[in-house]
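Inspection log for the structure reproduced underneath, given as structure tokens.
Bear in mind these aren't lab numbers, they're just calculated from the coordinates by the rules spelled out. A quick note: this is a predicted structure, and the numbers were derived from the prediction, not measured. Here the Cβ is made from the backbone with ideal geometry for all residues, glycine too, and neighbour counts use every protein chain on show.
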Amino acid sequence: QTATSFYEAVGGAETFQRLVATFYREVAADEVLRPLYPEEDLGPAERRLRMFLEQYWGGPRTYSDERGHPRLRMRHMPFTIGPIERDAWLRCMRIAVAEIEPETLDDEHRKALLDYLEMAANSLVNAPF
Ligand code: HEM
């Protein structure tokens, strides 16, 4: 018996590629978030987030091969993340998740993904306002 990972169950690389591309489309247009991203080109940041999420959900481990241990809280310390930034990040993510159709992401997987993203965003808040 083979256990199917969440990554495979929701369509693998293509789904994560679309999710993160939509997320960064929203970031690029977001006046709270866009100024936080240090690089002019959002492409490299998009790739890092995609690799991280693929690895977290049981896909390829390219993120850690390239970046080592995620240590996300530490890596976010250079950025001021208060409730406003967290909410902006989650708003962009919820739009991205909503654009994945139900045939690809059923209710159960959708809920697991959204719950995780909310928990993770809360865990990275490092400023009171
Ligand atoms: C990197 C902002 C939440 C995963 C970054 C960067 C910024 C940022 C500005 C630098 C861009 C880059 O060069 O990669 C935020 C804000 C958040 C947030 C404002 C709001 C709470 C999250 C969450 C996750 C995440 C919830 C994971 C589920 C990552 C990853 C990187 C990153 C994997 C690249 C780390 C590296 O390898 O250098 N984030 N982030 N972020 N973020 Fe976030």
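General observations
- Taking each DSSP H run with n ≥ 4 as -39500 (n - 2.57) and averaging over every residue of the chain yields -18500 deg cm²/dmol at 222 nm.
- Cβ-based net charge around A28, under 14 Å, with every Lys or Arg adding one and every Asp or Glu removing one: -4
- Of V32, V97, V20, the residue with the greatest mean-square motion in the GNM of the chain, using alpha carbon springs below 10 Å, is V32.
- Given their separation in residues at 0.36 nm each and the Cα-Cα distance between them, A127 and A3 gain 40.7 nm when the chain is fully extended.
- Phi angles across the range 12-24 convert, under the Karplus curve 6.51 cos²θ - 1.76 cosθ + 1.60 with θ = phi - 60°, into 3J(HN,Hα) values of x, 3, 4, 5, 5, 4, 5, 4, 6, 5, 5, 4, 6 Hz, Gly and Pro given as x.
- The local environment of N126, defined by Cβ-Cβ distances under 15 Å, has a net charge of +2 under the rule Lys, Arg +1 and Asp, Glu -1.
- Along the range 61-66 the Karplus relation, 6.51 cos²θ - 1.76 cosθ + 1.60 evaluated at θ = phi - 60°, assigns HN-Hα couplings of 9, 4, 4, 5, 4, 8 Hz to successive residues, with x for each Gly and Pro.
- Positive-end extreme of charge dipole, the range 22-129 - chosen from L113, G43, V125 (charges on Cβ): V125
- Solution diffusion estimate, µm²/s, Stokes-Einstein, the chain, Kirkwood Rh from C-alpha pairs, 25 °C, viscosity 0.890 mPa s: 160
- Sparse-neighbourhood loop sites, trypsin sites (Lys or Arg not before Pro) in the range 31-100 - DSSP loop, at most 13 other Cβ within 10 angstrom: R61, R71
- Placed amide H near I81: partners under 5 Å, 5+ positions off or other chain: N126, A127
- Around E99: net Lys/Arg minus Asp/Glu count, Cβ-Cβ under 12 Å: +2
- Here the chain is scanned for GluC sites (Glu not before Pro) in DSSP loops (not H, G, I, E, B) that have at most 12 other Cβ atoms within 10 Å, and the longest stretch holding none of them is 41-102.
- Farthest towards the positive end of the charge dipole of the chain, among the residues Y63, H76, F16, is the Cα of H76, using unit charges on the Cβ of Lys, Arg, Asp and Glu.
- Point-to-point label distance, R25-M119, nm (Cα→Cβ direction, 7 Å offset): 2.9
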